[in-house]
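The values are calculated or read from the model by the stated rules, or taken from the named source; none is laboratory data. No experiment lies behind these values; they were computed from the predicted model shown. Reconstructed Cβ throughout: ideal geometry from the backbone, glycine too, with neighbour counts over all protein chains shown. These accessible areas exclude ligands, DNA and RNA; they are computed on the full protein's heavy atoms, side chains included. Shrake-Rupley method; radii C 1.70, N 1.55, O 1.52, S 1.80 Å.
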Amino acid sequence: MSERKVLNKYYPPDFDPAKIPKLKLPKDRQYVVRLMAPFNMRCKTCGEYIYKGKKFNARKETVQNEVYLGLPIFRFYIKCTRCLAEITFKTDPENTDYTMEHGATRNFQAEKLLEEEEKRMQKEREEEELNNPMKVLENRTKDSKLEMEVLENLQELKELNQRQANVDFEAMLRQYKEYEEEQKRREQEEDEQEMKAMLEEVQNRRLLVDSDSDEEAAKPSTKPRAKTKPTDILQEDPQPQIKKQKTESWERSVGKLSSRTQLAGLVAVRKPKPPSTPANSTESHGAGSIPPATGPSSSSLGLLGTYSDSEDGASD
């Protein structure tokens, strides 16, 4: 099976390349190329601005009977983006630029016009000096005068600036150099002082550590430590601590209750009556009456008992 992408063609032994018919194309034939606008332009038909770098599908052709130093000149045809009017421009190998030909005007070419004017004046002057030696002498004297005037104006401007400014640049540079040197010297001194302080601090720390170790070695341990076992904490009774915490919280919230002696002062105790005669006592007993109570009443004793019970419960 033959190869699909063949690199070497087969030429028969009776092949004659002169017998191949040549394709006759016109010399002014046009090609479609993709290009960008070489300069800013404005359409003459609608006034649309076409900026530099806009892309077009242009037609290119070779200009007939126009050559610069053997280099052909090409013409390009593009269409306006708004009105589709035809715009043409050519290459300019002499100035390494493009020239506007038809359909639009070139913008922002003041610098180019100035350069062209200078070149034209220089060319006219060289043509005049070519056959007229007196003209050469006049031009030289004019140039020397113009140069002297320029130097004088420059000197005047320098003097005027010195009067207005009065700035000694050499002294300013000298002062700046001195300031830099002083700053460097200060930085070096600060670094040295910092290094010395750090070394002294490290040395003092070492001395303190050595002295502390000597003192600890010299002092014997006078207080023997109590030997504790890990299981001692399990043998402690947590109940007293819980009661104490409860009483402290109660006192903070409600207040501390008074003692029994203070509560006993609230109850008034009756004074005992003087003893009566035996006759009166026998009469009273005989009459079947109940002997009077000499101590406090039962109601007051019951009230005192309730206060004391409440106090005991609060203390618990």
In the range 159-176, which residues are basic (K, R) and surrounded by fewer than 10 Cβ atoms within 10 Å (Cβ to Cβ)?
-> R163
Restricting attention to the range 5-26, and to residues there that are among the hydrophobic types (A, V, I, L, M, F, W, C) and assigned to a loop (DSSP other than H, G, I, E, B), which single residue is farthest from T88 (Cα to Cα)?
-> F15
Regarding R29, is this residue of a type outside the set (S, T, Y), in contact (Cβ under 8 Å) with a residue 60 or more places away in the chain and either over 27 Å from A110 (Cβ atoms) or part of a strand (DSSP E or B) (or both)?
-> no
Does Y176 satisfy the criteria of being over 30 Å from Y77 (Cβ atoms) and not in a loop (DSSP other than H, G, I, E, B)?
-> yes
Right, F74: without any contact (Cβ under 8 Å) to a residue 60 or more places away in the chain, more than 24 Å from P26 (Cα to Cα) and in a strand (DSSP E or B) or not?
-> no
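Of everything in the range 1-33, what is of a type in the set (A, V, I, L, M, F, W, C) and either in contact with a Phe, Trp or Tyr (Cβ under 6 Å, 6 or more places away or on another chain) or open to solvent by 100 Å² or more (accessible area, probe 1.4 Å) (or both)? Give them in sequence order.
Filtering the range 1-33 for residues of a type in the set (A, V, I, L, M, F, W, C) gives 1, 6-7, 15, 18, 20, 23, 25, 32-33.
If the condition is that a residue be of a type in the set (A, V, I, L, M, F, W, C) and either in contact with a Phe, Trp or Tyr (Cβ under 6 Å, 6 or more places away or on another chain) or open to solvent by 100 Å² or more (accessible area, probe 1.4 Å) (or both), then M1, L7, L23, V32 are the ones that fit.
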Please find, within the range 34-65, the residue that is farthest from F89 (Cα to Cα) out of those that are part of a strand (DSSP E or B), open to solvent by 20 Å² or more (accessible area, probe 1.4 Å) and free of Cβ contacts under 8 Å to residues at least 24 places away in the same chain.
-> N65
Kindly indicate whether T105 is at pLDDT 95 or above, polar (S, T, N, Q) and outside any helix (DSSP H, G or I).
-> no
Filtering the range 82-91 down to residues that are without any contact (Cβ under 8 Å) to a residue 40 or more places away in the chain and exposed (fewer than 15 other Cβ atoms within 10 Å of the Cβ), which residue is nearest to the chain's Cα centre (by Cα)?
-> R82
Only listed residue being in contact with a helix residue (DSSP H, G or I) (Cβ under 6 Å, 6 or more places away or on another chain) and either more than 14 Å from M41 (Cβ to Cβ) or surrounded by 11 or more Cβ atoms within 10 Å (Cβ to Cβ) (or both), chosen from E111, E115, E128, E94 | E128
